[in-house]
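Undergrad: So that we are looking at the same thing, I have put the structure below in structure tokens.
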Amino acid sequence: MTVETGILVGGTPGKTEGSEGSSKKGGRGSRPSRTIEQNVLDALVYRGIISQADVLVAVDDSKASNLDLETLLLDRYRVPKQALGSALSDFYQCPYLPYDERTVIDADLLKTLNLDYLKKNLWLPIARRGALIDVLTSDPHDLDKGWDVRRSFPGVTIRYAVGLRRDIEQFLHLARGQGTSGSIGAILGELINEIHLEPVSDSVSGAIDENDSAIVRLTNQVIAEADRLGASDIHIEPYEDRKDTAVRLRIDGTCFTYTGIPAAYRRAVVSRIKIMANLDIAERRKPQDGKIRYRLAKDREIELRVATLPTSGQDEDVVLRLLTAKQPMPLEAMDFHHDTVQAIQAMAEKPYGMILCVGPTGSGKTTTLHAILKQINTDERKIWTAEDPIEITQDGLRQVQVHPKIGLTFATAMRAFLRADPDVIMIGEMRDKETADIAIEASLTGHLLLSTLHTNSAVETVTRLLDLGCDSFNFADAMLGVLAQRLCKRICAQCKEAYHPTRQEYDELVQGYGPQYWPTLGIEYCADWSLYRGRGCEVCNRTGFKGRVPLHELLLPSEGIKQLIQTRSRTVEMLILAMKEGMVTLVQDGIRKALQGFTTYRQVRAVAMK
């Protein structure tokens, strides 16, 4: 197979990218043809990504149509970008860097460079780490590009990464956007410039304070970017010794470092957030809590819950939770098993009793309770809720924001609700014995009560409430059901693929589900049995996961369970009886959803296994 250099990596089809320039520059950059593409395409054929016949046709089409081979392989022959990038990485012996919109390109590196020139030559500086600069290029072996890079950044070490033409063009488009005055990259570049003008001795606060326009714009842009990327939390983490302050985002339950802020401005950024949340900027010795109402656009507003904590070096960490105002979800859209959703709907129609939704912070408990309320929210029912904060709003609900600082606690709100003719009461969280006792009393006196609790499983919820000092007989009579839940990473719908698992994977599923319960699923290991995984694509940032799927465990109070509650039996005895009566545990529900292609067993184990 004869393939000329430059076709794959972005040069003119049918022409060696550096050949003409080499003759004009004294022979620099000349290299034998057939080198890059032959190795890369052979690797793709060897891996079964594309057939040898398709390769030959693609090369001929590239020459005839004046299209670069990369575009043909990606668009016409559906070669995955990751596979092509991996082959390039193996050939050049350097990392493949795919496009990621979350990348913040160091604006300081682009000041002396023309973006049109970079687009024509397909290289781009990405980041500086001391005396090391990371450069993305379509061809790390191109000597002409190498000379241009070294002339642009003399006296530093260059570390190359290889990228596809379209990825580099997208990075350059991103760089243009980050070069605008309102972008994070441009603001950080502005701050870096001001650092060079400041005295070195002023290493903590710098000449800029929390009211400077650059700090205000930077803080606002971080919030806007976190919302755009679908983050649930923003973490501001200052460090000592002039190390950059890390800005980390949590997306789909996983944290990653988004960008860094110069150390000289760490206190200015923290103080700016505290001002927005109406906190005391002079108090850095103890934790503080507050809220920010932030308007993203004329018709869109989000609320952020702010927590500051003092850390080493007389610094403060800040964590902001994004509480986007959203409509309640219907129960049918929450991936319940059909038996579970029917049981929940039946419980919600009861005139009185207690429904508890339990799990760790951020597991979707409030979302589930609002979905239940949506099911029963009619003109015939008066529904009161006490929440902290109010994340979801519904017409027909009378929602109260608790304020512990002024004495409006959950218990106080509960007492007030009982004097306000309620049919249904929802309490954001049962944190203490007083609230739990009032809730049990309310559920026994003709009211349907819903609440959340932080416990690991449905059965452990019983033990937790009894340990708080609640009466076991009253609780057994009041309980309608306890729903435990977790959020597990969902396989990306765009790149989900079926595969035949090994026998070892099958055995792990059997052991995780329970060998005595596995036969009820009716699944045997055979050649045509498949599980699912995410291949990785641009939509999911090559992780294979996008979004989350809930796992559920519903404990219903049979006569046997009530008797165990009244006698304060051990948790393991309740669990054995509940499973014998048909309760599906969190792990079992996760395995069923892995078999259906929603998630993977590894993700289930990460959130549901003890």
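The values are calculated or read from the model by the stated rules, or taken from the named source; none is laboratory data. Not measured: the values here are computed from a predicted model. We place every Cβ from the backbone using ideal geometry, glycine too, and count neighbours over all the protein chains shown. Calculation scope for accessible area: heavy atoms of the full protein, side chains included, ligands and nucleic acids excluded. Shrake-Rupley method; radii C 1.70, N 1.55, O 1.52, S 1.80 Å.
Undergrad: If I filter region 548-560 for residues that are under 27 Å from Phe336 (Cβ atoms), assigned to a helix (DSSP H, G or I), over 35 Å from the mean Cα position of the chain (by Cα) and without any contact (Cβ under 8 Å) to a residue 60 or more places away in the chain, do I get at least one hit?
TA: Yes.
Undergrad: Could you tell me how many of the residues in region 469-504 are in contact with a strand residue (DSSP E or B) (Cβ under 9 Å, 6 or more places away or on another chain), of a type outside the set (A, V, I, L, M) and either surrounded by fewer than 16 Cβ atoms within 10 Å (Cβ to Cβ) or part of a loop (DSSP other than H, G, I, E, B) (or both)?
TA: Total satisfying the criteria: 7.
Undergrad: If you take just the strands (runs of 3 or more DSSP E) that sit entirely in region 337-401, which of them hold at least 2 residues that are open to solvent by less than 20 Å² (accessible area, probe 1.4 Å)?
TA: 353-358, 383-387
Undergrad: Where residues in region 38-67 are part of a loop (DSSP other than H, G, I, E, B) and within 21 Å of Asp90 (Cα to Cα), which of them is least open to solvent (accessible area, probe 1.4 Å)?
TA: By that ranking, first place goes to Ile50.
Undergrad: Would you mind stating whether Ala416 is surrounded by fewer than 16 Cβ atoms within 10 Å (Cβ to Cβ) and of a type in the set (A, V, I, L, M)?
TA: Yes, satisfied.
Undergrad: Go through the residues of region 87-100 one by one and say whether even a single one is outside any helix (DSSP H, G or I), buried (at least 19 other Cβ atoms within 10 Å of the Cβ) and of a type in the set (Phe, Trp, Tyr).
TA: yes
Undergrad: Residue under question is Thr308, and the condition is that it be of a type in the set (Ser, Thr, Tyr) and closer than 25 Å to Met609 by Cα; does it hold?
TA: Spelling it out, it is not the case that Thr308 is of a type in the set (Ser, Thr, Tyr) and closer than 25 Å to Met609 by Cα.
Undergrad: Scan region 383-401 and report the pairs whose first residue is modelled with pLDDT of 85 or more and whose second residue is loosely packed, with under 15 Cβ neighbours inside 10 Å and among the small types (Gly, Ala, Ser), with Cβ atoms within less than 9 Å and a gap of 6+ or a chain change.
TA: Taking only residues 6 or more apart or on different chains, the pairs are Ile383/Gly396; Trp384/Ala416; Trp384/Ala420; Ala386/Ala416; Arg398/Ala420; Val400/Ala416.
Undergrad: Quick check, is Ile36 among the hydrophobic types (A, V, I, L, M, F, W, C), modelled with pLDDT under 80 and in contact with a Pro (Cβ under 7 Å, 6 or more places away or on another chain)?
TA: Spelling it out, it is not the case that Ile36 is among the hydrophobic types (A, V, I, L, M, F, W, C), modelled with pLDDT under 80 and in contact with a Pro (Cβ under 7 Å, 6 or more places away or on another chain).
Matching residues to (1) part of a strand (DSSP E or B); (2) touching a residue at least 24 places away in the same chain (Cβ under 8 Å); (3) on the phi < 0 side of the Ramachandran plot:
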| residue | (1), (2), (3) |
| --- | --- |
| Lys243 | no, no, yes |
| Arg267 | no, yes, yes |
| Asp289 | yes, no, yes |
| Tyr294 | yes, yes, yes |
| Ala307 | yes, no, yes |
| Asp317 | yes, yes, yes |
| Asp335 | no, yes, no |
